[in-house]
Amino acid sequence: MAEASSPHLLFVGGAGDATLAVDVVENALRQARARGLTVHLTNQEATLPDTPTVNALADTVSAVDFSVRGASAEWARERTSSGERYDVVFGVREMAQEAVAEVADALGLPGNAPDAVHRVRTKDEARAHLAAAGFRQPRFRVCATEPEAREFLAGSTGPWVVKPRDAMGSEGVTRIDSPEELAAALDFLPSGQHGGFIVEEFVEGPEYSAEGVFLDGAPHILALTSKELLPPPNFFEIEYVIPAILPESTAAEIERQVVAALTALDLRFGQFHVELWWTEHGVVLGEVHVRNAGGWIHRMLPHVIPGLEWFGLVYDDVLGNPVDRAALKPVRGSAIRFLTPPPGRLVAIEGWDEVLAHPAVLHAELAIAVGTVVEPHRSVENRVGHIAVGADTPEEAQALARKLEAGVRFVTEPVEQGSGA
């Protein structure tokens, strides 16, 4: 057991039951324990039994529903009134970020303002705020009905993107090139939409993201990530390269814009993952997240920046531990490929053992087996595996990841209609 005098971390939201989510939180909790933090973890009651390895890394575990507005803050107030102490409030799940902010605000601890977090989690509010602050943003409209969306299409320039107001992982996002495609895009939106959906003009240009951490309340960019996506109509990401292979002047302009945007959005605590495009007019900002990036980037960054503990930097910042900012720069390269076998029933997988045996592989996982029916790739939920590698440069990492992917062969056969999985 930790000593009573040790600093206390309240980790709000725990982990989801997916392999990636568990790995992220296990890393975050191990880095907390390495700093002597006593950990009290909260999560939804239904999820706790599915994350035993995460729960085991905490000193105390409680069932609290982070999805209920104000519930986590009220629970934390009751705990502190009963004598429990917290020094750090943190969490990594996208859907728990408002609860993290509410708890920190209620306890007077370092954190983002709840209204600032709500703003960036509501995509149209973030777009409007950034546009008002002078940042390039695509034209958009929040729509409640299909006729409203068609009115926007008629008065704007296509192609367009149809997306939910509040989601993650490109879930429910579709590009359309004509009004005739709108109905199918609306059908692809996640069920249970509240407050409508967004239609916005499509941004032409390669996509990147900025990964970083707030230190002393100011954004510090660790690295830029380049992305490759499957062809439209959807936005399934199939490759990341860190650091992004860019001219220095372009990278510097991206970093300048990201830091300015985070400051304009009144964000000041934790980690950040900012999506953007580089266009003929310069940077166009996309979604802003006050959490670590997904897609196993938390495993890639420590290779790119040796010795990096991304979650640990958050704790160090709160606790006043020294941070060597000069060491927080990319010196190597990493890349990941997300596997996209052809749709159909999987008959055989060839070449995977060679991937697992390669010394440069940082992490590789296959989430399907022979007999599985591979669905068409329309969102990150269809990711069936990945290969992440490290190398001396991003160019070498990218070439190696692509070579290893090319050596994996998925043999599928058509699925007869009505035969089921």
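The values are calculated or read from the model by the stated rules, or taken from the named source; none is laboratory data. Note that the structure is predicted; figures quoted are calculated from it, not measured. Cβ sites come from the backbone with ideal geometry, for glycine too, and all protein chains shown count toward neighbours. Heads up: the accessible areas ignore ligands, DNA and RNA and are worked out on the full protein's heavy atoms, side chains in. Shrake-Rupley method; radii C 1.70, N 1.55, O 1.52, S 1.80 Å.
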Exercise. All other residues with a Cβ under 13 Å from the Cβ of E365 taken together, and with Lys, Arg as +1 and Asp, Glu as -1, what is their net charge?
Worked result: +2
Seminar exercise, completed: Residue by residue through the stretch 387-403, the couplings from Karplus 6.51 cos²θ - 1.76 cosθ + 1.60 with θ = phi - 60°, in Hz, x for Gly and Pro, are 9, 10, 10, x, 8, 6, 9, x, 5, 5, 5, 4, 5, 5, 4, 5, 5
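Suppose every K and R has +1 on its Cβ and every D and E has -1 on its Cβ; what is the size of the dipole of the stretch 253-294 about the Cα centre, in Debye to the nearest 20? Please report the intermediate quantities before stating the final value.
Working: 3 positive and 6 negative charges, 43 e Å.
Here the stretch 253-294 has a charge dipole of around 200 debye.
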For this session: Kindly sort E151, E200 by accessible area of their heavy atoms, largest first, with the probe set to 1.4 Å.
Result: E151, E200
Exercise. Got a sec to turn the phi values of the stretch 344-353 into Karplus ³J(HN,Hα) couplings, 6.51 cos²θ - 1.76 cosθ + 1.60 with θ = phi - 60°, whole Hz, x for Gly and Pro?
Worked result: x, 7, 6, 9, 7, 10, 10, x, 6, 4
Exercise. Of D317, D50, D23, which is the most mobile in a GNM of the chain whose springs link Cα atoms less than 10 angstrom apart?
Worked result: D50
Exercise. Which of G91, G83, G13 moves most in a GNM of the chain, Cα contacts under 10 Å?
Worked result: G83
For this session: Rank-order 59-68, 30-39 by packing density, defined as the average count of other C-beta atoms within 10 Å over each peptide's residues, highest first.
Result: 30-39, 59-68
Seminar exercise, completed: Taking placed amide H atoms and a strict 5 Å upper bound, the residues 5 or more places from L362 or on another chain that come that close are A388, V389, G390
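Assigning unit charges at the beta carbon (Lys, Arg +1; Asp, Glu -1) and nothing else, what dipole magnitude in debye, to the nearest 20, does the stretch 28-176 show about its Cα centre?
Values: 19 positive and 20 negative charges, 141 e Å.
Around 680 debye, computed over the stretch 28-176.
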Problem set entry | Descending semi-axes in whole angstrom, ellipsoid equivalent of the stretch 267-402, from the Cα gyration tensor | 32, 20, 16
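Sorted by mean Cβ packing within 10 Å, highest first, what order do the peptides 363-371, 257-265, 319-327 take?
On the way: 363-371: 13.9, 257-265: 19.9, 319-327: 9.9.
Packing proxy ranking, top to bottom: 257-265, 363-371, 319-327.
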Seminar exercise, completed: Relative contact order of the chain (C-alpha contacts under 8 Å, at least 6 apart) in percent is 13 percent
Seminar exercise, completed: Stretched fully, the stretch from F202 through A131 gains (0.36 nm per residue minus C-alpha distance, one decimal, in nm) 24.0 nm
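Which GluC sites (Glu not before Pro) in the stretch 1-68 sit in a loop by DSSP (not H, G, I, E or B) and have at most 15 other Cβ atoms within 10 Å of their own Cβ?
When the GluC sites (Glu not before Pro) of the stretch 1-68 are filtered for loop state and at most 15 Cβ neighbours within 10 Å, E3, E45 remain.
What is the calculated FRET efficiency for E375 to E84, with r their C-beta to C-beta distance and R₀ = 41 Å, to the nearest 0.05? Mind showing how you got there, number by number?
Details: r = 46 Å, r/R0 = 1.12.
E between E375 and E84, to the nearest 0.05, is 0.35.
Give me the net charge for the shell around A46: Cβ to Cβ below 12 angstrom, other residues only, Lys and Arg +1, Asp and Glu -1.
Here the charged neighbours net out to -4.
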Exercise. What spacing in nm lies between the two simple spin-label points modelled at D59 and A154, each 7 Å away from Cα in the Cβ direction?
Worked result: 6.4 nm
Problem set entry | Phi-based couplings in Hz for the stretch 260-268 (Karplus 6.51, -1.76, 1.60; Gly and Pro marked x) | 5, 5, 4, 5, 5, 7, 6, 9, 8
Exercise. What is the magnitude of the charge dipole of the chain about its Cα centre, with +1 placed on the Cβ of each Lys and Arg, -1 on the Cβ of each Asp and Glu, and no other charges, expressed in debye to the nearest 20?
Worked result: 480 debye
Exercise. For W352, what charge total do you get from the other residues with a beta carbon under 15 Å from its beta carbon, if Lys and Arg give +1 and Asp and Glu give -1?
Worked result: -2
For this session: Using a 10 angstrom cutoff on alpha carbons, build the Gaussian network for the chain and name the most mobile of E94, E375, E102.
Result: E375
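So for the stretch 118-264, what percent of the C-alpha to C-alpha distances run longer than 18 Å? Present the calculation step by step, with values, prior to reporting the outcome.
On the way: 6698 of 10731 pairs.
Value for the stretch 118-264: 62 percent of Cα pairs lie more than 18 Å apart.
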Exercise. Under a 5 Å amide H to amide H cut-off, with H placed in plane at 1.01 Å, what residues pair with G158 once short-range neighbours are removed?
Worked result: none
Problem set entry | Per residue accessible area of the chain, 1.4 Å probe, in Å² | 43 Å²
